[in-house]
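Computed from the coordinates by the stated procedures, all read-outs in this text should not be read as laboratory data. Keep in mind that this is a model prediction, so the values were computed, not measured. Ideal geometry is used to build each Cβ from the backbone, glycine not excepted, and the neighbour counts take in all protein chains shown.
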Amino acid sequence: MPTTGEKPGAGVYTCTKCGQTVVLDDDTDTLPPCPRCNNTEFS
Ligand SMILES: [Zn+2]
């Protein structure tokens with residue numbers, strides 16, 4: 001399960017708390033905290 005601060009690779013990640021999606025365009029992008037609820041775990 002990817003968490004904030006990791007570089008899980010390009011793709012779409014869904015917040016495990018609120019369902020907000022975060023899109024990473026590049027393999028070198030770092031996963032940010034959820035922009036809606038500040039959660040740090042994504043699926
Ligand atoms: Zn969230």
Odd one out for residue 39, checked against (1) out of contact with any Lys or Arg (no Cβ under 7 Å at 6 or more places or on another chain); (2) touching a residue at least 24 places away in the same chain (Cβ under 8 Å):
(1)
All conditions in (1) part of a loop (DSSP other than H, G, I, E, B); (2) touching a residue at least 24 places away in the same chain (Cβ under 8 Å); (3) out of contact with any Gly (no Cβ under 7 Å at 6 or more places or on another chain) are true of residue 18 except (2)
Tally the residues that are farther than 16 Å from residue 1 by Cβ and surrounded by 15 or more Cβ atoms within 10 Å (Cβ to Cβ), restricting the search to the stretch 15-34.
1
Of the conditions (1) surrounded by 14 or more Cβ atoms within 10 Å (Cβ to Cβ); (2) out of contact with any Ser or Thr (no Cβ under 6 Å at 6 or more places or on another chain), residue 37 clears all except one; give me its number.
(1)
